[in-house]
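Asks: Okay, handing you the structure first.
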Amino acid sequence: MQKRVTSIIGHMAKSHMELARILEAKRLNIVNTAHVIGALPNTNLQFDGAIAVGSQAIDIAKSVSQYLTSLADLEEAIAENLEVVIKELTDGEEEE
């Protein structure tokens with residue numbers, strides 16, 4: 001039983017590492033976008049209009065929101081998986 005739990009934990013750790021790698025890539029994308037925005041001069045630039053600037057700002061806000069949602073989903077997945085493992089461990093201890 002202990003080997004099965006250890007194997008499950010190993011597979012969960014690999015999947016969580018992959019999820020973390022994906023989130024890190026998203027984070028880097030958002031950070032780079034923020035650097036580009038920070039590098040823009042504060043003078044009046046000629047964009048396609050206020051609607052285009054507003055649309056781009058909304059896109060950036062959506063990216064940040066999606067990243068934070070992904071972090072919350074990762075946290076929830078980790079908690080659910082750990083709940084199963086803890087339950088298996090406590091059931092295993094009760095059997096002994």
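Asks: Would you indicate which of (i) 53, 27, 22; (ii) 40, 27, 19; (iii) 74, 17, 15 is the value of Cα extents along the principal axes in Å derived from the coordinates of this structure?
Replies: Read-out from the structure maps to (iii).
Asks: Pairs to check: K26/K62; K26/K87; K14/K87. Give those whose C-alpha atoms are more than 23 Å from each other in this structure.
Replies: Working: K26/K62 12 Å; K26/K87 33 Å; K14/K87 20 Å.
Pairs exceeding 23 Å: K26/K87.
Asks: Oh, and also: For A13 and V36, what does the FRET efficiency come to when R0 = 30 Å and r is the distance between their Cβ atoms, rounded to the nearest 0.05? Provide the component values of the computation, followed by the final result.
Replies: Working: r = 35 Å, r/R0 = 1.16.
The calculated FRET efficiency here is 0.30.
Asks: Hey, what do the phi angles of region 78-86 turn into as Karplus ³J(HN,Hα) couplings, whole Hz, using 6.51/-1.76/1.60 and θ = phi - 60°, x for Gly and Pro?
Replies: 4, 5, 5, 5, 5, 4, 5, 5, 4
Asks: Here's another thing I want to ask about it. Working out 0.36 nm times the residue gap between D48 and L23, then minus their Cα-Cα distance, what length gain in nm do you get to one decimal? Don't skip to the answer; put the middle values down first.
Replies: Numbers: separation 25, 0.36 × 25 = 9.00 nm, distance 3.23 nm.
Full extension of this stretch gives 5.8 nm more.
Quick note: the coordinates plus some simple rules give every number you see, no bench work behind them. Keep in mind the model is a prediction, meaning the values are calculated, not measured. Please note: Cβ atoms are built from the backbone with ideal geometry, for glycine as well, and neighbour counts cover all protein chains shown.
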